[in-house]
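One structure is given here, and the rest of the page talks about it.
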Amino acid sequence: MALRKIVKLGDEVLRKKCKPVTIIDPKIHALLDDMAETLHAANGVGLAAPQVGLLKRIVIIDIGEGVIELINPEILSASGEQTDDEGCLSIPDRWLPVTRPNVVEVRAVNRYGKSFTMKGEGLLARAFCHEIDHLNGRMFIDVYKEQQKEQKK
Ligand code: NI
């Protein structure tokens, strides 16, 4: 395993749409392992492949209950609402209140190519939304700004 460099806000790679993973080979396994190591070293909750410079639909989440690997994740359903401070390893030391759904169900493929679904509540639901946004070039500051604008209407 190896640490990968975390890309910071301003790098174009964070603004691009990622491509689905079609073949899960040893390189993808190495990437998943490296992303988990990088996430833990940075004390983060989630990390998306574009944050290590790769335009692949891969996300790693660890809210303190073990690593969750999501390949080609999709949100199946979202309900409820929660508002809390949110941050991002690509935007160090910046925390802003963001409203997200409180319960989110995702479908993804695991490292063995098997499709699965998972339901997350609270922080996990927030992490699902934040990380899947990354795969579409969307950052939490965008969500924050949109919600602030909406409030002022
Ligand atoms: Ni982030």
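Summary of values
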| quantity | calculated |
| --- | --- |
| Carbon and sulfur %, accessible surface of segment 12-152 computed with the full protein complex present, 1.4 Å | 49 percent |
| Counted charge near Asp62, where neighbours are those whose Cβ lies closer than 12 Å (Asp, Glu -1; Lys, Arg +1) | -4 |
| Among Arg111, Arg100, Arg126, residue whose mean-square fluctuation peaks in a GNM of the chain (springs only between Cα atoms under 10 Å) | Arg111 |
| Furthest towards positive pole of dipole, Leu89, Ile60, Gly137, structure part segment 12-152, Cβ charges | Gly137 |
| The chain, helix-only ellipticity at 222 nm - DSSP H runs n ≥ 4, -39,500 (n - 2.57), divided by all residues, nearest 500 | -8500 deg cm²/dmol |
| Positive-end extreme of charge dipole, the chain - chosen from Ser115, Val21, Leu3 (charges on Cβ) | Val21 |
| Hits among aspartates and glutamates - C-alpha to C-alpha of Lys145 under 18 Å, sequence gap 8 or more where chains match | Glu81, Asp84, Asp85, Glu86, Asp93, Glu131, Asp133 |
| Cα centroid of segment 26-63 to Cα centroid of segment 109-135, whole Å | 13 Å |
| Accessible area per residue, Å², segment 1-138 with all protein chains present, probe 1.4 Å | 51 Å² |
| Most to least accessible of Tyr144, Tyr112 (protein chains only, probe 1.4 Å) | Tyr112, Tyr144 |
| Per-pair calculated FRET efficiency, R0 = 30 Å: Asn43 and Tyr144 via Cβ, rounded to 0.05 | 0.90 |
| Cα gyration tensor category, rounded, prolate or oblate, for segment 1-78 with a/c compared to 1.5 | rounded |
| Orientation-averaged projected area, Cα convex hull of the chain (nm²) | 8.8 nm² |
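The values are calculated or read from the model by the stated rules, or taken from the named source; none is laboratory data. Everything numeric here is computed off the predicted structure, so don't read it as measured data. FYI the Cβ positions are ideal-geometry reconstructions off the backbone, even for glycines, and counts take in every protein chain you see. What goes into the accessible areas is simple: the full protein's heavy atoms, side chains included, and nothing from ligands, DNA or RNA. Shrake-Rupley method; radii C 1.70, N 1.55, O 1.52, S 1.80 Å.
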